[in-house]
Amino acid sequence: MQHLKIKKDMKIRYTLITTKKVRRIFMSDVNTITKPIKKYTHLNINDRRNIERWLQEKKSKSEVARLLDRDRSTIYREIKRGTTTQLKNINGYLREVTVYLADTGQAIYDKNRKKSQSKGLKAFSQKFWNTLKQANEARWFTGKLRKYNIKTFIAVYRRKYPLEKVPTFKTVYNYIHRGEFFIKPIDLPVMVTLKPRRNKNSKPKGTNKKILGRSISERPDTVLSRESIGHWEADLVVGKKGKDEPVVLTLVERFSRYGISRKLKDAKSDTVQEALVEITEWNPKVFKSLTFDNGAEFSQAASLESEPLLDLKVYFCHAYSAWERGSNEHFNKLLREFIPKGISLSHFTDEEVIEAAESINQRVREVNDYQSAQEVFQKMKT
């Protein structure tokens, strides 16, 4: 019983001490909040005349700062700004002396303020704004058939006219957001956003329940580093879900990001395999490897290695690891602008599906050093 009483007394004492600490901290915060905050303004001509007068009275710079209720560094910078050289008669001789003049300090201040004020659109090349306006009127930034975004357009323009003063893409987007521009945010399908990249050291979160072929873990590092052309990723894009609904087969080359799309009558493995053989035999030299997910539609894909006209390797991703085919996933996202989810692909012709991929391939992209996937692929293929 005595032990319990001591323990209880210690608990009460600890509570009292803790309460006092909290009260002390709270009161400190209250004092901090209620303490008036000084609002400083720039020095004016009257302040500068007082500085000039006090310096003539041989007051120190620290004392001048105290009299004006300013930081010493502010006074030091002002005196340095307004100090000039004059000729003064000393004992019958003209001597050069340095003195602080309020009018000189004010004149330099006004000049610097005028320079620091934003000139808005006039601060940059008028030729650039005219070209940007013409590009917008030609719908180079809008719609499914767009060729540029603002960032890639500016980069290409800078390379063409390196001596012109051109704004950054962030500056242009600021003008657009503030409504000071002929382009509206709604006109741009995808505004450039800076978001953190996925950790490249990500590890697969699942295990494959079925083994369709060689694992992506066996794929050479040169494929991952995109050092050469000829390594592709493949997937299916579904419109409306259904057993016999048409689908789109997409293949994306990792180095150039060049994409191929083909409409298929269904997602059966036989249909997919027939299309894969047809596409790869179109130009066997540019197909060195193919990487798939573990969907049943690609269950026959491993047999591509035994095709007589082909010399390629087939790899399969880990389960729940779509990021291992990142280029293909991004291409599919762009393709959704042409083929929305939930709409049957029977409404699209074979030519429309092919043209959708060609339109994406013609867009100028930062990752391709501001070239289109079409340009890079053609250069590497030859």
Output the qualifying pairs, or none if there are none: Cβ atoms under 8 angstrom, residues six or more apart or on different chains, first residue in segment 170-184 and assigned to a helix (DSSP H, G or I), second residue hydrophobic (A, V, I, L, M, F, W, C) and surrounded by fewer than 12 Cβ atoms within 10 Å (Cβ to Cβ).
TYR173/MET191
Filter segment 242-266 down to the residues that are in contact with a Leu (Cβ under 6 Å, 6 or more places away or on another chain) and among the hydrophobic types (A, V, I, L, M, F, W, C), then identify the one that is nearest to LEU345 (Cα to Cα).
VAL247
How many residues of segment 278-291 are assigned to a loop (DSSP other than H, G, I, E, B), touching a residue at least 24 places away in the same chain (Cβ under 8 Å) and either of a type in the set (Lys, Arg) or surrounded by fewer than 19 Cβ atoms within 10 Å (Cβ to Cβ) (or both)? The answer is 3
Considering only residues that are within 24 Å of PHE338 (Cβ to Cβ) and out of contact with any helix residue (DSSP H, G or I) (no Cβ under 8 Å at 6 or more places or on another chain), which ones fall in segment 275-306?
ALA275, GLU278, ILE279, TRP282, GLY295
For segment 243-256, which residues satisfy the criterion of being surrounded by fewer than 20 Cβ atoms within 10 Å (Cβ to Cβ) and in contact (Cβ under 8 Å) with a residue 24 or more places away in the chain?
GLU245
Given (1) touching a helix residue (DSSP H, G or I) at 6+ places or on another chain (Cβ under 8 Å); (2) modelled with pLDDT of 85 or more; (3) farther than 22 Å from GLN126 by Cβ, index of the condition SER215 fails:
(1)
Could you pull out the residue among GLU78, GLU52 that is more than 46 Å from the chain's Cα centre (by Cα) and part of a helix (DSSP H, G or I)?
GLU52
ALA102 passes all but one of the listed conditions (1) surrounded by 10 or more Cβ atoms within 10 Å (Cβ to Cβ); (2) on the phi > 0 side of the Ramachandran plot; the exception is number (2)
I'd like to check something: does segment 251-268 contain any residue that is in the same structural domain as PHE377 (by TED's automatic domain parsing), among the small types (Gly, Ala, Ser), part of a strand (DSSP E or B) and touching a Phe, Trp or Tyr at 6+ places or on another chain (Cβ under 8 Å)?
yes
Out of the residues in segment 345-382 that are assigned to a helix (DSSP H, G or I) and among the β-branched types (Val, Ile, Thr), state the one that is nearest to ALA155 (Cα to Cα).
VAL367
Counting only residues that are outside any loop (DSSP other than H, G, I, E, B) and farther than 17 Å from VAL248 by Cβ, segment 297-321 contains a total of 9
So, ASN294, is that one part of a loop (DSSP other than H, G, I, E, B) and not aliphatic (A, V, I, L, M) or not?
yes
GLU245 fails exactly one of the following numbered conditions: (1) closer than 27 Å to GLU352 by Cβ; (2) at pLDDT 95 or above. What is the number of that condition?
(2)
When the residues of segment 301-330 are filtered to those that are surrounded by fewer than 18 Cβ atoms within 10 Å (Cβ to Cβ) and polar (S, T, N, Q), which remaining residue is nearest to ARG219 (Cα to Cα)?
SER321
Checked pairs for segment 335-361, first in the same structural domain as LEU236 (by TED's automatic domain parsing) and within 19 Å of ARG139 (Cα to Cα), second among the aromatic types (Phe, Trp, Tyr) and in a loop (DSSP other than H, G, I, E, B), C-beta under 6 Å and 6 or more apart or across chains, list as ALA356/PHE338; ASN361/TYR258
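The values are calculated or read from the model by the stated rules, or taken from the named source; none is laboratory data. As the structure is a prediction and not an experimental result, all values here were calculated from the model. Backbone-built Cβ (ideal geometry, glycine too); neighbour counts: all protein chains shown.
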